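Before any comments, here is the structure.
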Amino acid sequence: MSDQKTLWNRLSAEDRPILFAALFVVLILAIGTAYTLTTQGTATLLSPTYLLQQLQVGAFLGLVAAGMMLVILLGHIDLSVPWTVAASAMMATTVGGPAAIPVGLSVGLLVGLINGFGVAYLRIPSMIFTLGVNAVVRGLMVAHTGGFAPQTAATPLMQYLAVGKIGGVPVALIVWAVVSVCIVLLLNRTSIGRYLFAIGNKEAAAFLAGVPTRRIIILAFCLCGMLSGLAGTLLAGYSTKAYQGMGDAYLLPAIAAVVIGGTHILGGRGRYLGTLLGVILIVLLNSVLSIMQMPEAGRQVIYGSVIIVMLLVYGRTEKVTQ
Amino acid sequence: MSGSSGQRRSLTNLAISLKQNAALITVIVVFLAFYVFYNLNHPRGFSTAVYIQNANEVFALAMVAMAQTIPVLMGGLDLSVGAIMTLVNCLASHLINGSPAQMALGILLCLLAGTACGFINGCVVVYGRIQPIIATLATGAIFMGLALFLRPSPGGDVDGDLSWVFTNDLYEVAATYGFAQSGEAAWFTPIAWIPVPLILLVLAAVIVWMPFARSITGRTVYAIGSAEGAAYMSGLGIDRAKIAAFTLGGFFAGMGGLYLTLQTSSGNADIPQAGAYTLNSIAAVVIGGTSLLGGVGSAIGSIFGALVLRTISFNFRIFEIDPLLQPLFEGVVLLAAVSLGALAVVRVKNTLELFR
C-alpha cells in the first residue's frame, strides 16, 4: 500500500499523465481486441498492418496537435486551425506542380504570422483573434472556390507523402516522426524551447529576464500555422483533393490530445511525449469505436467522458486559497 | 449655491456613469446606426414585418450570447453553450405538442434540461477542478451525443399555434388566442406591432439577468473574474457562485434552444451549427464590451453584441453583396470588431502593463 503510494508520488506531475495515457491506450487495445475476438474470432487490432494504418491516419492529427501544443505551452490557443488546414490544401492543389507543397506550407506560415502579430503586438486574446482570422480565411476560400470543392487534384508528390510506403512504413508516419523529433529537440535542447515554457509560466517575468517574448510568440504561432499547413497539404494528398470543411474535424481533437497528454491548458507545463500519446489514444479510441459500429451519438458521449475522466485523474488544478 | 453644487455633483456622477458604461453605450450606438441604416435602405423598412423577421433571427444567438457572458465574466469560457442549445432543441422537438398542459410541462422540462446541463458544467468545474474551457469542451461533446440520441436525423412535431405565436407580433398572439377582441381593440393597437421574441428578450434581461447581477452571487461572479484569490480571502462563496454562473448560462442556452425549436418547428442535432453558435456567442460577448479576462461587462452588452453581428448580415442581404463574398466581409468585420480594443496598447507607457 505504502509502496504504491510512493511510486505514484515519485512520478513527477509531468510523468503521471504520460503513464496514465499509456495505460489507457493499452486498455483501449485490450477492450477492442476482446471485442474482435468474441465477434470475429481475430485479433485485428494487434496486427502490425492495422496499427500502422491507424498511425498513418493519426499522422494528420499528430501534426496539428504538435503545432497546437507549442501555442498552448505559451498559454494561448489557435482556433484558426480548421481553415488553415483547408486553405493550405486548397491553395496547394490550385497551384499544383512542384510548387504545391511549398505553397501549402507558406499559406500556413502566413496565417500563423498574422495570428502571432495580433496576439504578440496588438495584445488581443488569442482565443478571439484566431477565431476572427479563421473567419477571414474561410471567407477568402469561399470567394476563391465559389463555395464548392475545388476541382483541382493533389500532385503525385502530395499523394506519395500521404499514402506512400517505404519498406511497409507509411510515409505520412515518417513525416510525423521527423516533425516530432524536431519538436522534441526544439523544446528540450534550444533556448527557444525554454523561452516557450518561461512565457507560459509568467510572461512578465520572462520579459524582465530579457526573453524576446513577442518574437517567440510569433514564432510559435508561425510553427503552429505551418504544421497545420503541412497537415492540410498531406490531407489533400490522402483524399486526392481539397474540400470545404476538411479541417473542421481537427481542431477539438487536437486540443483534446494536447490536454490529455498532460500539457496544462493555461501554459507553462507539458511534455511532447504526452501529446504523442494523446494523439494515439484519440486515434485508437476512434478506430475501436468504429469497429464496434458505435453510432455518432455514442462516440460523442464516450469521447467527452474520456476527456473528463482522464483530467479528473491527473489534470485537476490547485484550489485557490489565497 | 447649494443647488448649483448639487447640479455639478449629479453631472460628475453622470460623467462617471458614462465612463463606466462606455463599452455598452458604444455597442448600442453602433447597433442603432447599423439598424437605422438597414431600415432606411430596406424597401419595407421600419415595418412590423421587418421587425418580426429580424427579432426571430436574432433571438437564439442573443440567448446563447447571454449564456456565454456569465462564465466569461468569471474569467472562464463555456464551449458547450451551442451544444446545450442543440440538446434542448432536440428535446423540445419531442415535447412541444399535445394539450396546453402537456406543452407547458414540455417547456418547463426543456428549460430544466438546459439548467441541468449548466449545473453539470458547474459541478465538473468546481468539484472536478478542471479548467472551464476544457471541461466544457468535454461536456459539450457529451451533450451533443445526447442530442444525437434524441434526433439522429432532423425532424420533429411542434405545435403549430405555439410556434406561430412565438415567432410573430402581439397582434397575432391576440388573434390566435382570441383576446383584446382578437387584437382589434383600440387600447391594444399601440403595442400590437411588438414582436414576441423582443418581449422575451427584454424579460430575460430584466427578470433574470438584472436581479442576478445585483445579487450577492452575481457580484461574487464579477469578483472572481477580477481577482479570484481576493474574492476567496474576502470570504465570498466562490464555489456556489461558479456553479450558479454555469447553471444560469445553461438556462439561457436552453431558452435559445427552445426558441430555435419554435422558430424552425423541428429539432436538428447539427454539430457544425452548434459550433457556429458557440463561436458567434464568444464574438457577441466581446463586441458587447465584456472582457475575456473577466470581471468587466454585462449580459445586456452581449445582447447588443449579438444584435450587431446579425444586423451586419441583414445589411449584406439588402445590398445584394455577392453571397460568395459575404463570409469574407463577416470575417473582416468580426476581426476588426475584436481588434478595436487593441488600440489601448498604443497608450501603454510601461511595457509591463501589457502583461496581465
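The values are calculated or read from the model by the stated rules, or taken from the named source; none is laboratory data. All of these numbers come straight from a predicted model, not from anything done at the bench. Ideal geometry is used to build each Cβ from the backbone, glycine not excepted, and the neighbour counts take in all protein chains shown. Surface accessibility is based on the protein's heavy atoms, side chains included, excluding ligands, DNA and RNA. Shrake-Rupley method; radii C 1.70, N 1.55, O 1.52, S 1.80 Å.
Summary of values
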| quantity | calculated |
| --- | --- |
| Pick from region B:262-280, criterion under 18 Å from A:ALA297 (Cα atoms) and at pLDDT 90 or above, ranking: surrounded by the most Cβ atoms within 10 Å (Cβ to Cβ) | B:GLY267 |
| Qualifying positions in region B:145-161 - open to solvent by less than 10 Å² (accessible area, probe 1.4 Å) and either more than 7 Å from chain A (Cβ to nearest Cβ) or within 22 Å of the chain's Cα centre (by Cα) (or both) | B:ALA147 |
| Subset of region B:122-142 [more than 8 Å from chain A (Cβ to nearest Cβ), surrounded by 24 or more Cβ atoms within 10 Å (Cβ to Cβ) and among the hydrophobic types (A, V, I, L, M, F, W, C)] | B:VAL125 |
| Residue tally, condition exposed (fewer than 13 other Cβ atoms within 10 Å of the Cβ), away from chain B (no Cβ under 14 Å) and hydrophobic (A, V, I, L, M, F, W, C), over region A:183-214 | 1 |
| Filter result (surrounded by fewer than 21 Cβ atoms within 10 Å (Cβ to Cβ), within 12 Å of chain A (Cβ to nearest Cβ) and either under 24 Å from the mean Cα position of the chain (by Cα) or part of a helix (DSSP H, G or I) (or both)) within region B:225-237 | B:GLU228, B:GLY229, B:ALA230, B:TYR232, B:MET233 |
| Residue within region B:324-335 that is among the hydrophobic types (A, V, I, L, M, F, W, C), under 30 Å from A:ALA206 (Cα atoms) and more than 7 Å from chain A (Cβ to nearest Cβ) present | no |
| Count - residues of region B:182-224 that are within 14 Å of chain A (Cβ to nearest Cβ) and either in contact (Cβ under 8 Å) with a residue 40 or more places away in the chain or basic (Lys, Arg) (or both) | 2 |
| Residues (surrounded by 12 or more Cβ atoms within 10 Å (Cβ to Cβ) and of a type in the set (Gly, Ala, Ser)) located in region B:170-218 | B:ALA174, B:ALA175, B:ALA180, B:SER182, B:GLY183, B:ALA185, B:ALA192, B:ALA204, B:ALA205, B:ALA213, B:SER215, B:GLY218 |
| From A:ILE302, A:ILE282, residue being over 29 Å from A:ARG138 (Cα atoms) and within 13 Å of another protein chain (Cβ to nearest Cβ) | A:ILE302 |
| From the options A:VAL136, A:VAL169, residue that is of a type outside the set (Phe, Trp, Tyr) and touching a residue at least 24 places away in the same chain (Cβ under 8 Å) | A:VAL169 |
| From A:LEU223, A:LEU235, A:LEU219, A:LEU266, residue being within 12 Å of chain B (Cβ to nearest Cβ) and either aliphatic (A, V, I, L, M) or within 14 Å of the chain's Cα centre (by Cα) (or both) | A:LEU266 |
| Where B:SER313 falls short, out of the listed (1) more than 10 Å from chain A (Cβ to nearest Cβ); (2) modelled with pLDDT under 75 | (2) |
| So A:GLY315, is it open to solvent by less than 10 Å² (accessible area, probe 1.4 Å), under 29 Å from A:ILE216 (Cα atoms), modelled with pLDDT under 90 and more than 17 Å from the chain's Cα centre (by Cα) | no |
| Listing of helices (runs of 4 or more DSSP H) fully contained in region B:1-115 that carry 1 or more residues being open to solvent by less than 20 Å² (accessible area, probe 1.4 Å) | B:22-41, B:48-73, B:81-95 |
| Enumerated helices (runs of 4 or more DSSP H) restricted to region A:72-150, each holding at least 3 residues that are hydrophobic (A, V, I, L, M, F, W, C), open to solvent by less than 30 Å² (accessible area, probe 1.4 Å) and within 17 Å of A:ARG214 (Cα to Cα) | A:100-120 |
